[in-house]
Each structure stands twice: as C-alpha cells, then as structure tokens.
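The structure appears below as structure tokens.
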Amino acid sequence: MSVDHSQAPVLEALAAYREHGHLAFSPPGHKQARGADPRVREVLGDAVFHGDLLASGGLDDRLTRAAVLERAERLMADAVHASHTFFSTCGSSLSVKAAMLSVAGPHTKLLVGRDAHKSVVSGLVLSGIHPVWVEPRWDAERHLAHAPAAEDYEAAFRAHPDAKGALITSPTPYGSCADLEGVARVCHSRSVPLIVDEAWGAHLPFHPDLPKWAMDAGADVCVTSIHKMGSGLEQGSVFHLQGDLIEPHVLESRADLLGTTSPSVLLYAGLDGWRRQMALRGEQLLGRALAHAHEVRAAIEAIDGLHVNGRDDFCGLGLAHDFDPLPVVIEVAELGITGYQAADWLREQHAIDVHLADHRRINTQLTHADSEETTRPLLRALTALARAASELPRPTRVEVPAPAELRLEQVLTPRDAYFGTVEDVPLAKAEGRVAAEMITPYPPGIPAVLPGERLTAPVLDYLHSGVAAGMNLPDAADGSLGTVRVVVEALDAS
C-alpha cells in the first residue's frame with residue numbers, strides 16, 4: 001500500500017493545537033510564551049514557545065488516541081526501509097545505550113569497535129556489559145582510525161563465542177564507512193544482532209551515490225542523529241529496528257528506561273519534518289549537495305598548503321570500506337600549524353566554525369543546506385588562513401603514538417573502575433595505574449582512555465602534549481591533565 005509522505009503528523013497536530021485555541025492549565029509553565037521573559041522572547045521568538053507543549057495532554061490527548069507520534073514513527077520507518085522506528089529527544093547518546101541494553105545486559109559480553117563514541121562507553125559503565133574490544137583499522141600515516149572489518153569481528157567472535165552481539169560505528173566523524181554487510185553476515189551466521197552507531201549517517205538512505213546505510217546492509221538496530229547531517233534540531237535522534245533478533249517492545253522498553261518522561265515536541269517536529277523533506281525531495285537535495293561538495297573539494301585542494309582527504313586517502317586494503325564525501329576533511333599540517341590553531345583562527349578572524357579539529361586537520365562538514373552562499377566565505381577564509389599561517393605561533397608538537405601503543409590493556413570493566421574507590425594522582429605518577437575515568441579528545445568524542453584501562457607513557461604523553469597544543473579533554477576530572485583519576489591500589493586488579 002502506498003504511503004503518503006506529504007503528511008507530517010506532529011507538525012499537523014501542532015498547527016491544529018494553535019487553530020483550536022487550546023488553553024493549557026498544565027506544563028510547560030510559560031503557557032505558550034505568555035509567561036516567558038520578554039528578553040528571551042525577543043531572542044528566540046514566540047514560535048519556539050508555541051511549539052513547546054506536552055506530548056500527551058497537549059499535542060495528543062491524555063490517552064494518545066490520535067497516535068500522532070506513532071504515525072510519525074511509522075512514516076519514518078517506511079522512508080528508510082526499517083520495520084520499526086522510535087523517536088528520541090535525548091540524542092543518539094541515549095539511543096545507542098538503549099540499543100546496547102536491548103542486546104546485552106550486566107556481566108554479558110558485547111563486541112565493540114574500539115573507535116566507539118564516549119556515549120557507548122557510558123553505556124558500558126551504566127549497564128555492566130563486558131566489552132570485547134575489536135581493533136579499528138589504524139592508518140599510521142594519517143594518524144586516523146577507520147572502523148574494524150568483517151574479519152576482525154569474525155576473529156573476535158571465535159575468541160568469544162558467548163558474545164551477545166556486536167556494535168560498530170559507521171560512518172566515522174571523518175566520513176569513512178565500514179563494510180556493514182560483511183559484519184552483519186558475521187553476526188547473523190551466529191544468530192546474534194548487529195548494532196550500528198550511524199549517528200553521522202542520517203542522509204545515507206536518501207541518495208544512491210552515498211554509502212549503503214545500515215538497514216539496507218542488514219543491521220538489526222541502527223542509531224541515527226537527525227541533527228548532525230540532517231535538518232532536525234539538536235538532540236533529535238531516531239533508532240530503527242528490523243529482523244526478529246530483537247523484540248520491538250524490548251528496544252522500546254530500554255529506551256523508556258533511560259529517556260525523559262517530558263519529551264520535547266519541538267524535537268519531534270524537527271524529526272517529522274526532516275522525514276517529509278527527505279522522502280519527497282531527498283535525492284534532489286543530496287544530489288545537489290554531492291555535486292557542490294565535489295566543487296568545493298577541488299577548490300580547497302587548489303589552495304597551497306591544504307589537502308582534502310578523499311576516497312584514495314581513506315579507502316583501500318587495511319583501511320575503510322567506503323567513503324562519504326560530505327564531511328570535507330582538510331589537512332593543514334603542511335602550513336606548519338595544527339587543526340586546533342586553524343579552527344580557532346577561522347572562528348576569530350572570519351566567524352567560520354568547523355566541526356572538529358585535531359592535531360593536523362579540520363572537518364568542514366557540508367550538508368544539503370550549503371550552497372555557494374555559504375561556501376564562498378569558507379573558501380575565502382581558507383585562502384586567508386593559508387596566507388596567514390606563517391605568522392601564527394609555532395605549534396606545540398603532539399606526540400602521537402604508533403597504533404600499537406595506542407591500545408591499552410583492559411584490566412577492569414568500565415563499570416567496576418568508574419564506580420570503584422578512586423584517587424587523583426599527578427600525571428607523572430599515572431603510568432601503570434588503572435584509569436577510573438574517560439579521557440576523551442572532543443570532538444569527535446572517541447575516548448583515548450577508558451575506565452579500567454592501564455595507563456601507559458605513550459598515551460599519557462600524547463594527551464599531555466595534546467592539551468598543550470589545544471586539545472579539549474572535557475571528560476577528565478582535571479581537563480588540564482595535571483592530575484589523572486585512577487583506581488586506588490587496593491582495588492587495582494593488577
């Protein structure tokens with residue numbers, strides 16, 4: 001039966017709420033902007049408050065008899081070829097935890113790519129799941145990690161046949177993509193599910209020239225951030241389900257366990273509107289974005305001292321399986337500066353904000369929202385950066401370890417280390433101790449150190465030199481890394 005994707009149940013219910021003149025004697029207390037501070041209304045506009053109402057007893061009746069949210073989720077599932085879709089207003093950080101808890105539980109094993117986001121590690125801490133780490137494909141030349149391959153998961157399952165399933169991150173924040181079909185086959189040969197953290201892949205289902213997305217590749221659960229590469233509002237996330245390895249009610253229940261009882265209708269509206277936009281015009285909008293990205297990449301490549309990473313850089317034997325060209329990842333090391341310096345200079349001098357920065361590159365992410373109107377100023381700013389780079393202070397060298405030195409021994413589970421008895425020790429005395437905290441360069445938010453891992457000199461030197469060069473470590477108890485939080489010796493499993 002044909003599905004009418006011109007519908008937008010949440011947006012239509014919001015319009016009906018206003019049209020019928022509902023008068024609420026319930027939260028939220030601003031009462032459709034009337035009670036909001038005039039100075040706040042001046043900045044935000046009243047439309048924000050008009051869209052902020054209760055999901056049940058507001059957008060829908062108290063028994064949700066109009067099934068507003070349910071209808072919107074069914075439309076989303078149809079648009080992306082999933083069996084079930086669930087909206088989340090707590091970001092993919094919650095959605096991925098719900099997915100993990102639907103597959104594994106306390107004291108059970110889950111295979112996890114070690115390039116996972118900090119939200120996955122938080123899920124391990126909260127759940128007590130025992131991670132079996134699967135090593136990423138490390139590019140030693142570019143100091144970059146790509147997702148593990150299917151054979152890496154096969155080897156991990158052979159070593160841990162009792163694992164309940166697997167989790168992989170694809171695309172990475174740099175745009176490199178895994179062989180999801182291959183990993184799904186490895187999982188399904190054992191009748192266990194595959195979770196894909198596809199937070200950066202909301203756009204993938206809507207254009208044939210983009211990498212294959214998780215549901216089409218055979219994944220069981222996929223988590224997607226609509227606000228990252230889509231048109232949703234911040235924190236707008238969805239998780240999709242297919243197959244019979246996970247019961248829909250279990251996934252919904254796990255999300256309810258973690259989520260808010262006061263979801264934002266504004267975020268629901270953003271998710272609903274994004275689905276309609278992509279279902280009706282996605283291929284056209286993304287086709288234009290891909291063509292524009294090709295032009296922008298060529299223009300940046302022509303700027304002396306800059307190199308745009310492409311398929312030839314990221315894909316190949318021992319590297320990524322596929323590549324999304326919309327995250328435009330630019331190497332700046334030839335200019336003699338770090339990505340941290342480049343990001344700060346672009347913001348301060350040209351009001352240009354980049355997505356992420358590391359010791360040698362920046363990511364100037366493009367979406368269907370970009371056009372020559374936005375990329376002309378970007379190209380001017382990058383040209384100016386190349387000219388000004390020689391005048392910037394010489395950067396502190398970041399001591400990036402070899403790939404083999406980046407891997408730390410997991411001595412305790414993340415949960416046991418995080419909730420154990422801890423102490424803060426000077427950096428100089430942290431080597432050999434077991435970390436009790438995540439230490440995460442952010443963005444992109446992939447922890448360099450996890451709770452329960454034994455600290456080594458190369459990783460500590462990397463983080464210390466990174467902080468001196470401009471790295472941001474928001475998770476650490478001491479972001480300057482003067483001290484490190486570790487498990488006390490009495491509980492150290494060494």
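The residues listed here are 402, 436, 476, 388; of these, the one that is buried (at least 16 other Cβ atoms within 10 Å of the Cβ), touching a residue at least 40 places away in the same chain (Cβ under 8 Å) and either within 30 Å of residue 296 (Cβ to Cβ) or touching a helix residue (DSSP H, G or I) at 6+ places or on another chain (Cβ under 9 Å) (or both) is 436.
Check region 349-356 and report whether any residue there is assigned to a strand (DSSP E or B), open to solvent by less than 40 Å² (accessible area, probe 1.4 Å) and within 10 Å of residue 174 (Cα to Cα). Yes - at least one qualifying residue is present in region 349-356.
List the strands (runs of 3 or more DSSP E) inside region 135-187, counting only whole elements, that have at least 2 residues being within 20 Å of the chain's Cα centre (by Cα) and not aliphatic (A, V, I, L, M). Spell out the reasoning first.
On the way: elements: 137-139, 144-146, 166-169.
Strands (runs of 3 or more DSSP E) meeting the threshold: 137-139.
For region 257-293, the set of residues classified as in contact with a Leu (Cβ under 7 Å, 6 or more places away or on another chain), in contact (Cβ under 8 Å) with a residue 60 or more places away in the chain, in a helix (DSSP H, G or I) and under 28 Å from residue 45 (Cβ atoms) consists of 265, 266, 267, 268, 269, 272, 273, 275, 289, listed by residue number. Evaluation of residue 186 against the conditions (1) in contact with a strand residue (DSSP E or B) (Cβ under 6 Å, 6 or more places away or on another chain); (2) modelled with pLDDT of 95 or more; (3) of a type in the set (A, V, I, L, M) shows that the sole unmet condition is (1). Each residue in region 421-451 was checked for being closer than 18 Å to residue 125 by Cβ and over 30 Å from the mean Cα position of the chain (by Cα), and 1 of them qualify.
Yes/no per residue for (1) open to solvent by 10 Å² or more (accessible area, probe 1.4 Å); (2) touching a Ser or Thr at 6+ places or on another chain (Cβ under 9 Å); (3) part of a helix (DSSP H, G or I):
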position	(1), (2), (3)
202	no, yes, no
232	yes, yes, no
239	no, yes, no
298	yes, no, yes
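All of 433, 380 fail the test of being closer than 30 Å to residue 346 by Cα and charged (D, E, K, R), apart from 380.
Take the residues in region 89-134 that are of a type in the set (Lys, Arg) and either in contact with a helix residue (DSSP H, G or I) (Cβ under 8 Å, 6 or more places away or on another chain) or outside any strand (DSSP E or B) (or both), then tell me which one is most open to solvent (accessible area, probe 1.4 Å). Before the answer, list the steps.
Initial filter on region 89-134 (of a type in the set (Lys, Arg)): 97, 109, 114, 118.
Right, trim to either in contact with a helix residue (DSSP H, G or I) (Cβ under 8 Å, 6 or more places away or on another chain) or outside any strand (DSSP E or B) (or both) and you get 97, 114, 118.
Values: 97: 29, 114: 25, 118: 50 Å².
That would be 118.
Going by what's in this entry, would residue 77 be described as under 30 Å from residue 242 (Cβ atoms), assigned to a loop (DSSP other than H, G, I, E, B), in contact (Cβ under 8 Å) with a residue 24 or more places away in the chain and open to solvent by less than 30 Å² (accessible area, probe 1.4 Å)? Considered against the rule, which asks whether it is under 30 Å from residue 242 (Cβ atoms), assigned to a loop (DSSP other than H, G, I, E, B), in contact (Cβ under 8 Å) with a residue 24 or more places away in the chain and open to solvent by less than 30 Å² (accessible area, probe 1.4 Å), residue 77 comes out as no. In region 36-72, the qualifying residues are those that are of a type in the set (Gly, Ala, Ser) and in contact with an Asp or Glu (Cβ under 7 Å, 6 or more places away or on another chain), and the one that is modelled with the lowest pLDDT is 66. Of the residues examined, residue 186 is one that is farther than 18 Å from residue 78 by Cβ and either in contact (Cβ under 8 Å) with a residue 60 or more places away in the chain or open to solvent by 10 Å² or more (accessible area, probe 1.4 Å) (or both).
Is there any pair linking a residue in region 51-74 that is within 21 Å of residue 236 (Cα to Cα) and open to solvent by less than 30 Å² (accessible area, probe 1.4 Å) to one that is among the small types (Gly, Ala, Ser) and in a loop (DSSP other than H, G, I, E, B), with Cβ under 6 Å and at least six apart or on different chains, and which? Taking only residues 6 or more apart or on different chains, the pairs are 60/66.
Could you check, for region 329-343, whether at least one of its residues is in contact with a Ser or Thr (Cβ under 7 Å, 6 or more places away or on another chain), surrounded by 20 or more Cβ atoms within 10 Å (Cβ to Cβ) and either at pLDDT 95 or above or not in a helix (DSSP H, G or I) (or both)? Checked region 329-343: at least one residue is in contact with a Ser or Thr (Cβ under 7 Å, 6 or more places away or on another chain), surrounded by 20 or more Cβ atoms within 10 Å (Cβ to Cβ) and either at pLDDT 95 or above or not in a helix (DSSP H, G or I) (or both). Selection within region 405-416: residues that are touching a strand residue (DSSP E or B) at 6+ places or on another chain (Cβ under 6 Å) and without any contact (Cβ under 8 Å) to a residue 60 or more places away in the chain. The member of this set that is least open to solvent (accessible area, probe 1.4 Å) is 408.
The values are calculated or read from the model by the stated rules, or taken from the named source; none is laboratory data. Keep in mind that what you see is a predicted model, and the values were worked out from it rather than measured. Cβ atoms come from the backbone with ideal geometry, glycine included; neighbour counts cover every protein chain shown. In case anyone asks, the SASA skips ligands and DNA or RNA and just uses the protein heavy atoms, side chains included. Shrake-Rupley method; radii C 1.70, N 1.55, O 1.52, S 1.80 Å.
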